[in-house]
Amino acid sequence: MTSATNVVFRLEELARAAPSRPAIVEPAGARITFAELDARTAAVAGALLEHGFTPGDRLLLLMPMSIALYVSLLGILRAGCTAVLVDPSARGVDEKLRRLQLRGFFGSARAHLLRLRHRALRGLPLYVAPRTAPLPAISLDSLRGAPASATPVDETIPALLTFTTGSTGTPKALARSHHFLESQRRILSEHMGLGPEDVDLPTLPVFLLNSLAAGATCVLPDADLRRVSAVRPERVIRQIRDWRCTTTSGSPAFLGPIARALRETGESLPELRRVFTGGAPVPPSVLDDLSAVAPNARIEVLYGSSEAEPIASIDAREVRVETASLEAQGRGRCVGRPIHGTEVRICAVGGTRRLEPGNVGEILVAGAHVSRAYFDDPAADAASKVHHGPQVWHRTGDTGYLDHSGRLWLAGRVGDEAGGRHPLLVEAAAEAYPWVRRAAMVEPDGSVVLACEVRDPPEGWRDRLRVKLDVDDVVEVRRIPVDPRHNAKVDRKSVRAMLARARWRAARPTHPLRGRP
């Protein structure tokens, strides 16, 4: 049996070692040191204990990335309680929340309005808001009890309950224990190499927790992270320069516009030493832009999922020198070699037979930082978890293959084939053309269609792609629908619906006199 632990132990160590170092900095300039963060979370944990909360009690947390979010989150974890993070727009959220039997709610002022919509959020023992709320709630500043040290928690009690995006199916609950988070922290720390000398600008909450644990100062991006593709590059560039950020991470939809804006003006960010991108396939063109504007940085693509983060990585130099030309030939999207401590195998879809290198199948992954089960969801476990002795393999739902040098290549998602072909094999080849911003291959009505977002394409570009990539049709679209979290992963269901609507409109008969339906 593993001994009890708490991820907040690391914060207590940092508060003693570097009390005056800034821990988190907000866009408007508000900041909190490691000592202040430790003291405030100790007061929140003390208040929770005084309110009668015990280890394992579940509290919903709905706030944007902010100092208030991490004071709340770390205070909940410090008390040994379970923080629940959920997208309120997800399907079936009311039923999910009801089953969780929540005992408290920490939310922004706007989030508290959800209490009017969801019955599961009514009648809870505790409501907390950063300042004021439209419904009765305690302000976070007034939630103070006798300072409490981090409560040791055994691995049967979740630290975090989060949900998958549901972009490819029904969202599933993931339970992460303190032991799991510590395993994930060790792997991320070993790979990302952050330390107390770093200033990081992260866009994902789990990466910020890892950066904090490494002792780095975390600068919160001046952007709406619910819509990262709408980032205003000049604001983030100013933050990186003002705080002399040494590292940053984000999806290609976040980092791409920033790199393009800098490249257009001939400017650069020489202070950056590490840049991490992922969450969706990363086109080589984005890596070219990042390499040009961050000349002293190692640019790296990370591949992972909610259940297993990270899985594999590849350096941008390897992409630019070697794999980009192979992607243009229809080999798929290379995400590099498995991270240390991670095992990857390719199996026949839905089976456990291991395939030889070069054969496309479903990607399975195992490791200490890979979730062994979903929360209270035996059907999802049966579909996605494979037990082999003490080891549990997770079916990622992604398709791909390992090449003969051990690199992992993505081909698509299980069930997303069009005309019997895996979509990324075609889309990566299409996006190798400089005038194709994003491509999506689907089969909306029995024919294979490649939808493309383009910029200044040459004459005859549709016929060129249709013949070269052997598809039935190529259409130009203004915008390809993407996932809500990273704003970069193709939403194929929406693409199929969009093309079906367009074809229906084009086929409608027109009125002989008015010239319209």
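The values are calculated or read from the model by the stated rules, or taken from the named source; none is laboratory data. Keep in mind the model is a prediction, meaning the values are calculated, not measured. Ideal geometry is used to build each Cβ from the backbone, glycine not excepted, and the neighbour counts take in all protein chains shown. To get the accessible areas, we keep the full protein, side chains included, count just its heavy atoms, and leave off ligands, DNA and RNA. Shrake-Rupley method; radii C 1.70, N 1.55, O 1.52, S 1.80 Å.
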Where a ≥ b ≥ c are root eigenvalues of the Cα gyration tensor, a/c under 1.5 meaning rounded, otherwise prolate if a/b exceeds b/c and oblate otherwise, segment 165-265 counts as oblate
Ordered by packing density, taken as the mean number of other Cβ atoms within 10 Å over each peptide's residues, highest first, how do 472-485, 432-445 rank? 432-445, 472-485
R0 = 30 Å: FRET efficiency of Asp94 with Asp224, Cβ-based, nearest 0.05? 0.75
Assign unit charges at the C-beta atoms only (+1 for Lys and Arg, -1 for Asp and Glu), then state the dipole size of the chain relative to its Cα centre in Debye, rounded to the nearest 20. 1580 debye
Taking a straight Cα-to-Cα line shorter than 22 Å from Lys493, and setting aside same-chain lysines fewer than 8 residues away, one finds Lys172
Under 12 Å from the 7 Å Cα→Cβ point of Ser268, by amide nitrogen: which residues of segment 305-338? none
Treating only the Cβ atoms of Lys and Arg (+1) and Asp and Glu (-1) as charged, compute the dipole magnitude of segment 158-301 about its Cα centre; round to the nearest 20 debye. 340 debye
Mind checking which helices in the chain clear 18 Å along their axis (Cα) and have mean Kyte-Doolittle hydropathy of -0.5 or more, DSSP H runs only? 34-50, 252-265
Ranking Gly419, Ala432, Leu408 by how far each Cα lies towards the positive end of the charge dipole of segment 404-458 (+1 on Lys and Arg Cβ, -1 on Asp and Glu Cβ), the top one is Leu408
Residues of type aspartates and glutamates that Lys385 reaches as a straight line, Cα spacing below 18 Å, ignoring anything fewer than 8 places off in the same chain: Glu307, Glu309, Glu343, Glu362, Asp376, Asp377, Asp398
Mind checking which of Pro22, Thr5, Leu85 is farthest towards the positive end of the chain's charge dipole, using Cβ charges of +1 (Lys, Arg) and -1 (Asp, Glu) about the Cα centre? Leu85
Nitroxide proxy distance, nm - points 7 Å out along Cα→Cβ at Glu459 and Arg437: 2.5 nm
Can you tell me the order of 249-257, 152-160, 395-403 when each peptide is scored by its average per-residue count of other Cβ atoms within 10 angstrom, highest first? 249-257, 395-403, 152-160
Options (1) 23.9, 82; (2) 21.4, 70; (3) 26.6, 89 - which one matches Rg and Dmax of the Cα atoms in Å as calculated here: (1)
Label-point separation in nm, Trp243 to Glu155, each point 7 Å along Cα→Cβ: 3.4 nm
Could you give the length gained by full extension between Arg117 and Ala18, i.e. 0.36 nm per residue of separation minus their alpha carbon distance, to one decimal place? 31.2 nm
Using heavy-atom solvent-accessible surface (probe 1.4 Å) with all chains present, what is the largest-first order of Asp198, Asp491? Asp491, Asp198
Would you mind getting the accessible area per residue of segment 188-239, heavy atoms of the protein chains only, 1.4 Å probe, in Å²? 36 Å²
Once you place label points 7 Å from the Cα toward the Cβ at Ala379 and Arg320, how far apart are they in nm? 4.9 nm
Return the loop-located GluC sites (Glu not before Pro) in segment 213-277 (DSSP other than H, G, I, E, B) with at most 10 other Cβ atoms within 10 Å of their own Cβ; answer none if there are none. none
Of the heavy-atom accessible surface of segment 250-397 (probe 1.4 angstrom), what whole percent is carbon and sulfur? 49 percent
